[in-house]
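The structure appears below as structure tokens.
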Amino acid sequence: MQYVNDQLSGDEHLPSLPIEPTSEAIYELIAEGVLLNKLINRNSPGTVDLRALNVGETLVLLLLLLLLLLLLLLRLLPALAQPLLLLLLLLLTSRASSGAKNKNKFTMIENHNLAINSAKAIGCKVVNVGTFDIMEKSKTLIMGLLWQIIKVGLLASVKLESHPELARLLEEGETIEVPARPNLRHRPPQAPFSFLFSLCVYCTSLTSALVSST
């Protein structure tokens, strides 16, 4: 878990980090639906659209907006606004005390689907991993997925540009070959245009046949 602590400690949406490497709190943290998305995006920036990630802030902002409206209503209709204001304050208090851990199931499922699809996009095998496996804290599946994400992050930094000493691993007769870039000026015709061209030829020949028959 040291890798997770190093990468995500200090994140505003993961206040529980860092955690002890031997602690099982990692399963609870992953089940909330934020950690995997954050880790994937740290290893492969841009993979996860963080705007689609549910981090529990939207509901708080909505409640604050309702609070402002009720305060305005309190000046106009005090008798009606007072009980509603008390109820809203209770909701805000409970939300603040519970924090992001009390996300409802729907937002957690959305986060897990986002994480699984993003993990698949960076090359992880997620055949047997589902959203409910993560929510139910299946240790084997969670550790398997987490290890794959960590491996992608570790191998991403292993490049010849960053570590030229890797050239020492070449055996006798081997060379470093940079793949040639494709010549974009002489590309073959695209399939849709080829289809349209064939269709035009067919229509032309059909028209000629009809004209000749008449």
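The values are calculated or read from the model by the stated rules, or taken from the named source; none is laboratory data. It should be emphasised that the depicted structure is a prediction, and the values quoted were computed from it without experimental measurement. Quick reminder, even Gly has a Cβ in these numbers, built from the backbone with ideal geometry, and neighbours come from all protein chains shown. Areas reflect the complete protein model, heavy atoms only, side chains present, ligands, DNA and RNA absent. Shrake-Rupley method; radii C 1.70, N 1.55, O 1.52, S 1.80 Å.
Pairs to check: LYS105/LYS125; LYS125/LYS151; LYS38/LYS125. Give those whose C-alpha atoms are more than 22 Å from each other in this structure.
In this structure, LYS105/LYS125 lie more than 22 Å apart at Cα.
Using a 1.4 angstrom probe on the protein heavy atoms only, line up LEU160, LEU53 by accessible area, largest first.
Ranked from most to least accessible, the order is LEU160, LEU53.
Between ALA167 and PHE106, what length in nm is gained on full extension when 0.36 nm per residue of separation is reduced by their alpha carbon distance?
Contour length minus Cα-Cα distance gives 17.0 nm.
So which aspartates and glutamates pass the test for LYS139, namely a Cα distance under 20 Å, with those fewer than 8 places away in the same chain ruled out?
Straight-line reach from LYS139, under 20 Å: GLU20, GLU24, GLU28, GLU32.
Could you work out how much longer the chain between VAL126 and SER9 gets when fully extended? Use 0.36 nm per residue separation minus the Cα distance between them, nm to one decimal.
39.5 nm
Could I have the simple spin-label model distance between LEU50 and MET143, label points 7 Å from Cα toward Cβ, reported in nm to one decimal?
Using points 7 Å along Cα→Cβ, the separation is 3.0 nm.
Which value, in Å to one decimal place, does the Kirkwood hydrodynamic radius take for region 3-54 when every pair of different Cα atoms is included? Present the calculation step by step, with values, prior to reporting the outcome.
Numbers: mean 1/r = 0.0877 Å⁻¹.
Taking the inverse mean of 1/r over all distinct Cα pairs, region 3-54 comes out at 11.4 Å.
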